[in-house]
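Contents: one structure, followed by commentary.
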Amino acid sequence: MQGQSNFKYEGQKLASWYFTVAMILFGAQLLLGLVAAIQFIYPSFLYGILDFSIARMIHINALVVWMVYAMIGAVYYLLPDETGIEVVGIGIAKLLFWILTLAVTVVVLVFIFIQVGAADIKTIWFITEGREYLEAPRWADIGIVVVVLGFLANTFLTAIKGRRTGIMTVILSDMIALAGLYLAGMFFTDNISMDQYWWWWVIHLWVEATWEVMVGALAAYALIRVVGANRKVVEMWLWIEVAMLFGSGILGLGHHYFWIGTPEYWWEIGALFSALEPLPLVGMFVHVLYDWGKENGFKEKAGEDTSSNNTPALLWLVSNGFGNFLGAGVWGFFHTLPQVNIYTHGTQFTAAHGHLAFFGAYATILIAMFYMAVQGKYGIKKLRATFASKMAIFLITFGVVGMGVALTIAGYEQVLIARAQLGATWDAFFIAQNQTWMAQAMDWRLIMGVVTTVGFFYLVKDLLSISKNPKNVY
Amino acid sequence: MIEPLYIRPVIAINDFLPIFVSAAFILIFGLFYAGIVTMIKMKKMKKVYYILAYFFWGLQIYCTYFLTMTIHSQPFTVKAMIVAMIAYLSVPHIYFYLITKSEQRYEN
Amino acid sequence: MAEKKVSVWSDNRFWQRSATWVTGFASLLLIWLTFDTMGQITMGNQKDINNHITKRVPSATVINYKVEYKMNQRRGHEVPVIGGDDGKGDSLFKVKENFFGRDNYSQKEADALLHLGKLASQAKNCMDCHTLLGNGAYYAPDLTKAWLDPAWQKGGTMQAMTGKSTKEEAMAEFLQNPGKYPTHARMMPNLGITQKEAVGLVAFLKHMATIDTNGFPRGFGKIKEGVVYARSK
Ligand code: HEM
Ligand code: HEM
Ligand SMILES: [Fe+2]
């Protein structure tokens, strides 16, 4: 990397470490996603060496972990900015980073090389917990909780000592909720219904409540920094978003309790509250659009340059507004009513939604944060998009949307054949998998996955070299 | 606990595609509606376009109606959808009402 | 600065409080519902079966009984029926069925088998290829009602392939040597499942089939059998 680090604070330097690991894990996620996608087409690929279950497990665990890394990084990045002081206990914070990274490495190595264990509680403690997304063994769970507690302590002490802002208050309370919810996934039970009940507390209350609020807070920060929006107005809107997101998202949890053994009243609760879940997403979209336009209007009047001070970050921010609405909103609403969900539950539809939502709602805004860190690191006043920035955003978005469309078609076919007509048996499943539509959808998913991956390489290149762009040098 | 009676008719094969399409358009029309209201508030569009905005809201209602009927909703789902549509209609207005208030207060 | 007339609607503190109240209220409602749901999904025991009480998640001793999945007129969808039905689609808890040659597993034995099976399902990452109760991965068939799948019944393709005469034995045999019994180019990998673990897993699957999933999957096994063509490529 070129140039000297210009970070004003050690906390921001630490943030850049978190971002770096996040990018590496993002790469690993895509790589293993490609492996899994190839296995859909050529099932013998790596059969018995790195089976689909292992590839997929690493794919989605790397996804969650890179996003958690990026969120922690984002908090460390904005913490000194918001509070006006250095992160308290920065030495410990750095130590925790290394511990966490070491633990993640060990977990991944065990996933790859040991893979499965005997039906013994020891396996749960040391190899895999075997619950989708929460496969990390128990020792690692405990380690994660300890590290996160340390992280919370750092942030808390800094926030108390420094300037107190609305954004910090939201982030702090949200982080506590986020960490607390993780505990709901840390126990073993023989009762699979009970197991799934609490499993969704972690998964749903993360992605549809606490993470969304985190996105709201990061978007608020970015709007102030990148667009120059008025803090008071942005913070007020942030509180309204929190109310809408938690107001719909917490009880929207009901849309996962239709068929896991839980009582019928969840149909009504899940339908009502999750039908409201897209509303705050529309609100967030409108908000970004409005603030951007308004600030540009001000600048125009004043005869100033209307370009943003960080174009790539702004582009990713706008794609977050769209993507969140599309992936979580439209694709979520698609299958959220119980009458529809009984057919779509656990089909490629779900996978289509999972990809579009995680990407649109989270990947986008976290990448925007990466660009903000690059800007901060090299002290660039106006960061302009390069060819690579544009290729990255275009190819990644195009690739993921393409995968989403392919999976939606696959899901539709699966719903019609395996569910509505044949009744979800073993044979029904494979008959649907053998249809041409399904097979071609899987081919397209792989092709679009490759497109995404190419975009990812552009992104890496750009993050490493954008500071050298002559237009950015004064 | 008294167990309620639930009757859930099966969805006809040919109804699946219209169901998914209408579900998508509920939110897409909703986005147009909210987007146009926003553009008007930003003074990038003339006020007459409110007609267009409400037209999209109308389409949204139609899609919702279509969806709720085609999936054979229980009365409760119908109510939930009505609530959602009213929320849709009002949220952009409430939002800009609040924004103007807060801008009067915190800016200039 | 001159005090302007300010409205509560543009007051950050007002919205902060509102957000807190909304969140608090939603959380309390969720906690309350959680208590109710916990009560309803706690696993039953043999006493419930003896008293003909239908639990949403029944006792592990259901492995001693015949299990079916039938349309229930009152509920308007299929429900698991344990030990024969009473003519109206509710469980009779009477008709027994051998499970690996016995139909008299004690509560303790059945609990131990279920425990082993559930542990195995996690230790082998079943959920990362299959769905359980519809949650998991989409590479392989849903296992919610696998126990009732026509393929495993007498004359079903899977039972025939393994050469066993009961479905529990067929399933256990398949789980131990999945590579030997492919139904599709996509084969289940060998996960080192032992004989004991396989028995536990089958108990786990049989028990899962008796959970009241509000009619999911709908119309399970509408067709009794289908021909599976391997994809030639
Ligand atoms: C950014 C926000 C969101 C993310 C990241 C997200 C992600 C996911 C993922 C990964 C799953 C699959 C879980 C599994 O593996 O079983 C899922 C399931 C689901 N999501 Fe979302 N989601 C989001 C928002 C929403 C919203 C707003 C709605 C509703 C309006 C929604 C409705 C659903 C439903 C109904 C399911 C269950 C699908 C099934 O039955 O198989 N999601 N979501
Ligand atoms: C190179 C690009 C990618 C490929 C080839 C790929 C492939 C896959 C495959 C094969 C699965 C397993 C689906 C199944 O069980 O049937 C999967 C699951 C998943 N992937 Fe990807 N993926 C890619 C990129 C991404 C990205 C960018 C995201 C999000 C930011 C993502 C999020 C997910 C999620 C959330 C799931 C679990 C879905 C569920 O359980 O419903 N993937 N992916
Ligand atoms: Fe959810």
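The values are calculated or read from the model by the stated rules, or taken from the named source; none is laboratory data. No experiment lies behind these values; they were computed from the predicted model shown. As a convention, Cβ positions derive from the backbone with ideal geometry for all residues, glycine included, and neighbour counts pool all protein chains shown.
If a residue must be assigned to a loop (DSSP other than H, G, I, E, B) and at the interface with another protein chain (Cβ under 9 Å from one of its Cβ atoms), how many such residues does the range B:50-108 contain? Walk me through how you get there before you give the answer.
Here is the first cut: in the range B:50-108, the ones assigned to a loop (DSSP other than H, G, I, E, B) are B:71-74, B:107-108.
So of that shortlist, the ones also at the interface with another protein chain (Cβ under 9 Å from one of its Cβ atoms) come out as B:71-74, B:107.
Going through the range B:50-108 one residue at a time, the tally reaches 5.
Suppose we filter A:K122, A:K94 for residues that are within 12 Å of chain C (Cβ to nearest Cβ), assigned to a helix (DSSP H, G or I), modelled with pLDDT of 95 or more and surrounded by fewer than 20 Cβ atoms within 10 Å (Cβ to Cβ); which single one remains?
Working: A:K94 fails: within 12 Å of chain C (Cβ to nearest Cβ).
Being within 12 Å of chain C (Cβ to nearest Cβ), assigned to a helix (DSSP H, G or I), modelled with pLDDT of 95 or more and surrounded by fewer than 20 Cβ atoms within 10 Å (Cβ to Cβ) holds for just one of A:K122, A:K94, which is A:K122.
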(request) Give A:N324, A:N310, A:N320 a once-over and let me know the one that is away from chain B (no Cβ under 12 Å) and within 16 Å of ligand 2 (Cβ to nearest atom). (result) A:N320
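Return the residue satisfying two criteria in turn: it lies in the range A:35-54 and is more than 9 Å from every other protein chain (Cβ to nearest Cβ), buried (at least 18 other Cβ atoms within 10 Å of the Cβ) and part of a helix (DSSP H, G or I), and of such residues it is farthest from ligand 1 (Cβ to nearest atom). Reasoning before the result, please.
Taking the range A:35-54 as the starting set, the residues that turn out to be more than 9 Å from every other protein chain (Cβ to nearest Cβ) are A:35, A:37-38, A:45-46, A:49-50.
After this cut, where a residue has to be buried (at least 18 other Cβ atoms within 10 Å of the Cβ) as well, the list is A:35, A:37, A:50.
Filter once more, so that each one left must be part of a helix (DSSP H, G or I): A:35, A:37.
Values: A:V35: 18, A:A37: 16 Å.
Going through the qualifying residues, I end up with A:V35.
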(message) Checking A:V207 against (1) away from ligand 1 (no atom under 16 Å from the Cβ); (2) part of a helix (DSSP H, G or I); (3) β-branched (V, I, T); (4) surrounded by fewer than 22 Cβ atoms within 10 Å (Cβ to Cβ), only one condition comes out false. Which one?
(response) (1)
(request) Tell me, yes or no, whether the range A:165-181 has at least one residue that is touching a helix residue (DSSP H, G or I) at 6+ places or on another chain (Cβ under 7 Å), assigned to a helix (DSSP H, G or I), more than 11 Å from every other protein chain (Cβ to nearest Cβ) and more than 26 Å from A:L205 (Cα to Cα). (result) no
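Just the residues that are in a helix (DSSP H, G or I) and farther than 18 Å from C:L113 by Cα, please, taken from the range C:175-212. Please lay out each step first, then the result.
Filtering the range C:175-212 for residues in a helix (DSSP H, G or I) gives C:175-176, C:178-180, C:195-209.
Once the filter is applied, which keeps residues that are in a helix (DSSP H, G or I) and farther than 18 Å from C:L113 by Cα, the range C:175-212 yields C:P178, C:G179, C:K180.
A quick yes/no check of all residues on (1) surrounded by fewer than 14 Cβ atoms within 10 Å (Cβ to Cβ); (2) within 24 Å of A:N191 (Cβ to Cβ); (3) not aliphatic (A, V, I, L, M):
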position	(1), (2), (3)
C:T34	no, yes, yes
C:I49	no, yes, no
C:T54	no, yes, yes
C:G89	no, no, yes
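Going through the range A:413-435 one residue at a time, which ones are under 28 Å from the mean Cα position of the chain (by Cα) and more than 7 Å from every other protein chain (Cβ to nearest Cβ)?
Narrowing the range A:413-435 to residues under 28 Å from the mean Cα position of the chain (by Cα): A:413-415.
Those that are under 28 Å from the mean Cα position of the chain (by Cα) and more than 7 Å from every other protein chain (Cβ to nearest Cβ): A:E413, A:Q414.
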(message) I'd like to verify a number: residues in the range A:271-310 that are within 16 Å of ligand 1 (Cβ to nearest atom) and of a type in the set (D, E), how many?
(response) 1
(message) Which numbered condition in (1) outside any helix (DSSP H, G or I); (2) within 16 Å of ligand 3 (Cβ to nearest atom); (3) surrounded by fewer than 24 Cβ atoms within 10 Å (Cβ to Cβ); (4) not polar (S, T, N, Q) is the only one that A:W259 fails?
(response) (3)
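With the condition kept exactly as written, say whether any residue in the range A:333-348 is on the phi > 0 side of the Ramachandran plot, within 14 Å of chain C (Cβ to nearest Cβ) and either within 10 Å of ligand 2 (Cβ to nearest atom) or of a type in the set (D, E) (or both).
There is at least one residue in the range A:333-348 that is on the phi > 0 side of the Ramachandran plot, within 14 Å of chain C (Cβ to nearest Cβ) and either within 10 Å of ligand 2 (Cβ to nearest atom) or of a type in the set (D, E) (or both).
Please enumerate the residues belonging to the range A:440-474 that are within 14 Å of chain C (Cβ to nearest Cβ), within 14 Å of ligand 2 (Cβ to nearest atom) and surrounded by fewer than 17 Cβ atoms within 10 Å (Cβ to Cβ). Even if it seems obvious, please write down each step before you answer.
First, pick out the residues of the range A:440-474 that are within 14 Å of chain C (Cβ to nearest Cβ): A:440-443, A:445-446.
Checking which are within 14 Å of ligand 2 (Cβ to nearest atom) leaves us with A:441-443, A:445-446.
Scanning the range A:440-474 gives a single hit, A:D443.
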(message) Of the residues A:N154, A:N230, A:N191, only one is at pLDDT 95 or above and away from ligand 1 (no atom under 16 Å from the Cβ); which?
(response) A:N191
(request) Among the numbered conditions (1) within 16 Å of ligand 3 (Cβ to nearest atom); (2) surrounded by 24 or more Cβ atoms within 10 Å (Cβ to Cβ); (3) small (G, A, S), tell me where A:A351 comes up short. (result) (2)
(request) Give the residues of the range B:27-58 that are surrounded by fewer than 17 Cβ atoms within 10 Å (Cβ to Cβ), within 16 Å of the chain's Cα centre (by Cα) and among the hydroxyl-bearing types (S, T, Y), sorted by residue number. (result) B:Y50, B:Y54
